[in-house]
Amino acid sequence: MSDDAVLATRRLRLKIALEDLREMKGFGTELVTIIIPPDRQVSDARSLLQNEHGQAANIKSKGTRKNVQGAIESALSTLSKYKNAGEHGIALFVGSIIIGNNKNRMVNVVVEEPPQPLISFRYRCDSVFELTQLEDMLVDKKSYGLFVIDRSEAAFGIASGKRIHVQEHLVSNIMGKHRQGGQSAQRFERLIEEAAHNFFKRASEHASSYWLPNIENIQAIIVGGPGATKDFVVKNDYFHHEIVKKIAKTTFDVGYSNDSGVRELVENAGAMMGEIELDAERQVMNAFLSELVKPAPKATYGEKMIREALEQGAVGRLLVSEGLRKNSITLKCSSCNHEWTASVGRMDALPDCPSCQASGDAAKELNNVSLIDELGVLAAKSNTEIIYISVDTEEGSQLLLGFGGLAGICRYPMM
């Protein structure tokens with residue numbers, strides 16, 4: 001797997017882990033966070049935890065004392081498996097979380113090999129886990145400002161990584177054509193131009209205020225629109241002077257000056273936005289869709305067909321939606337001892353036994369692995385390139401909702 005693919009996999013694993021960790025809550029200060037950067041010894045963390053275990057004996061509440069000590073013991077057991085923190089460090093989240101109806105259960109989540117090195121050592125007991133360092137790793141620092149405008153409306157936002165965010169859509173309410181003549185015509189023309197000037201000023205000021213706090217991370221401001229208004233606004237210095245320095249020399253024609261126009265602007269300016277992955281993502285999805293409609297398509301989709309194609313070594317590029325949230329679970333029936341494997345979504349009930357139809361709720365779980373990781377192992381065997389597709393674009397949403405989150409561009413037609 002290439003370095004880029006490894007990094008993308010690590011980022012996606014972290015994103016999925018953070019989704020779960022954010023939702024976890026505990027009673028009082030019963031959730032333990034341990035973050036060990038690569039330059040700290042695991043033995044230091046173990047010594048700290050052993051000391052904290054002794055201190056926890058002084059907690060007055062019997063329930064809290066039991067849960068805190070249980071969490072620390074679980075953390076110590078987990079850390080005993082590691083000789084060192086690795087190249088990027090280890091983050092460990094342990095504690096008794098609330099699961100409803102005044103019930104709780106112990107969780108133990110380890111994040112190893114994060115996409116970037118952890119910065120500082122951290123130990124914390126709280127009702128929620130400390131996630132700041134890990135969340136910062138998913139923030140795309142490099143970005144592009146987006147601005148579309150005509151005389152009737154304007155919209156602006158930002159594009160970073162695989163994400164397009166439209167911050168605001170403004171409507172001008174400028175009067176259209178009128179039938180007055182003589183001096184009335186001149187007065188109406190003056191009022192219309194004054195209203196247009198005020199609208200251009202309002203739109204540019206709103207956009208400037210949005211971009212300025214992060215101006216150092218913005219690579220360029222890209223401007224577009226359906227007519228000549230976009231060039232007029234740029235040339236007549238409506239933007240803040242710091243923003244003017246970032247405005248790209250080339251403007252782009254788009255069909256609208258609303259949310260749709262912002263997204264069209266990204267498509268038209270794809271070549272300019274070298275640091276943004278959105279254009280490459282759109283291209284690979286278009287390649288898959290184009291192949292799919294051919295008489296003998298070198299493309300397939302859906303979990304079952306993708307598995308078969310990967311096992312045959314037929315998949316050249318595997319497209320995986322970042323919204324895919326399924327695990328491959330191996331179960332053993334408590335009634336007939338039949339073993340089977342099923343792909344189960346995060347909120348799905350376990351399937352009934354295919355042999356005796358006994359309820360899956362009573363089955364024993366033998367193995368549980370992320371479907372993304374399992375398919376990644378299959379892809380590595382046939383040197384298949386894995387491309388993760390975000391859900392923030394129209395193409396990404398189509399992959400998740402229309403094709404089950406999995407698609408493949410194959411090396412030869414699949415019959």
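The values are calculated or read from the model by the stated rules, or taken from the named source; none is laboratory data. Remember, predicted model here, so these are calculated numbers, not experimental data. All Cβ positions, glycine included, derive from the backbone under ideal geometry; neighbour counts span all protein chains shown.
Give just the number: which of (1) among the polar types (S, T, N, Q); (2) touching a Lys or Arg at 6+ places or on another chain (Cβ under 8 Å); (3) more than 18 Å from Gly261 (Cβ to Cβ) does Thr229 not satisfy?
(3)
Quick check: anything in segment 15-31 free of Cβ contacts under 8 Å to residues at least 24 places away in the same chain and of a type in the set (S, T, N, Q)?
No; the residues of segment 15-31 include none that is free of Cβ contacts under 8 Å to residues at least 24 places away in the same chain and of a type in the set (S, T, N, Q).
Please specify each residue of segment 172-205 satisfying the condition of being of a type in the set (Ser, Thr, Tyr) and either at pLDDT 95 or above or part of a loop (DSSP other than H, G, I, E, B) (or both).
So in segment 172-205, the residues of a type in the set (Ser, Thr, Tyr) come out as 172, 184, 204.
Correct list: Ser172, Ser204.
Can you tell me which residue within segment 109-163, out of those that are among the aromatic types (Phe, Trp, Tyr) and part of a strand (DSSP E or B), is surrounded by the fewest Cβ atoms within 10 Å (Cβ to Cβ)?
Initially, segment 109-163 is screened for residues among the aromatic types (Phe, Trp, Tyr), giving 121, 123, 129, 144, 147, 156.
Those left that are additionally part of a strand (DSSP E or B): 123, 144, 147, 156.
Details: Tyr123: 16, Tyr144: 26, Phe147: 30, Phe156: 26.
Taking the candidates together, the pick is Tyr123.
Within segment 313-410, considering only strands (runs of 3 or more DSSP E) that don't extend past its boundaries, which have at least 1 residues that are within 19 Å of Leu14 (Cβ to Cβ) and of a type in the set (Ser, Thr, Tyr)? Full working, then the answer.
Numbers: elements: 315-321, 326-332, 339-345, 364-370, 385-389, 406-410.
Counting at least 1 such residues, we get 315-321, 364-370, 385-389.
Can you tell me which residue is nearest to Ile158 (Cα to Cα) among those in segment 211-232 that are among the small types (Gly, Ala, Ser) and surrounded by 15 or more Cβ atoms within 10 Å (Cβ to Cβ)?
Applying the first criterion (among the small types (Gly, Ala, Ser)) to segment 211-232 yields 220, 224-225, 227-228.
Now drop any that are not surrounded by 15 or more Cβ atoms within 10 Å (Cβ to Cβ), which leaves 220, 224-225.
Numbers: Ala220: 10, Gly224: 13, Gly225: 16 Å.
Result: Ala220.
With the requirement that a residue be among the charged types (D, E, K, R) and touching a helix residue (DSSP H, G or I) at 6+ places or on another chain (Cβ under 6 Å), what does segment 243-262 give you?
Our first condition is that a residue be among the charged types (D, E, K, R); within segment 243-262, this holds for 245-246, 249, 253, 259.
None; the set is empty.
Examine segment 33-44 for a residue that is under 15 Å from Leu131 (Cβ atoms) and hydroxyl-bearing (Ser, Thr, Tyr), and state whether such a residue exists.
Yes, that holds for at least one residue.
Here is a list: Leu324, Leu318. Which entry is modelled with pLDDT of 90 or more, under 13 Å from Ser370 (Cα atoms) and surrounded by 18 or more Cβ atoms within 10 Å (Cβ to Cβ)? Can you show your working first?
On the way: Leu318 fails: under 13 Å from Ser370 (Cα atoms).
Residue meeting the stated conditions: Leu324.
Given (1) buried (at least 18 other Cβ atoms within 10 Å of the Cβ); (2) assigned to a helix (DSSP H, G or I); (3) in contact with a strand residue (DSSP E or B) (Cβ under 8 Å, 6 or more places away or on another chain), where does Ser208 come up short, assuming only one miss?
With respect to (1) buried (at least 18 other Cβ atoms within 10 Å of the Cβ); (2) assigned to a helix (DSSP H, G or I); (3) in contact with a strand residue (DSSP E or B) (Cβ under 8 Å, 6 or more places away or on another chain), Ser208 is out only on (3).
Taking the stated definitions as given, is Thr33 over 21 Å from Val369 (Cβ atoms) and touching a Cys at 6+ places or on another chain (Cβ under 9 Å)?
Details: over 21 Å from Val369 (Cβ atoms): yes; touching a Cys at 6+ places or on another chain (Cβ under 9 Å): yes.
For Thr33, the condition - over 21 Å from Val369 (Cβ atoms) and touching a Cys at 6+ places or on another chain (Cβ under 9 Å) - is met.
From Lys246, Lys235, Lys201, grab the single residue that is within 27 Å of the chain's Cα centre (by Cα), surrounded by fewer than 20 Cβ atoms within 10 Å (Cβ to Cβ) and charged (D, E, K, R). Walk me through it before giving the result.
On the way: Lys235 fails: within 27 Å of the chain's Cα centre (by Cα); Lys201 fails: within 27 Å of the chain's Cα centre (by Cα).
Lys246 is the lone residue from the list that is within 27 Å of the chain's Cα centre (by Cα), surrounded by fewer than 20 Cβ atoms within 10 Å (Cβ to Cβ) and charged (D, E, K, R).
Of everything in segment 339-366, what is touching a residue at least 24 places away in the same chain (Cβ under 8 Å), over 15 Å from Ser328 (Cβ atoms) and either of a type outside the set (A, V, I, L, M) or surrounded by 15 or more Cβ atoms within 10 Å (Cβ to Cβ) (or both)? Give them in sequence order.
Across segment 339-366, the qualifying residues are Ala358, Lys364.
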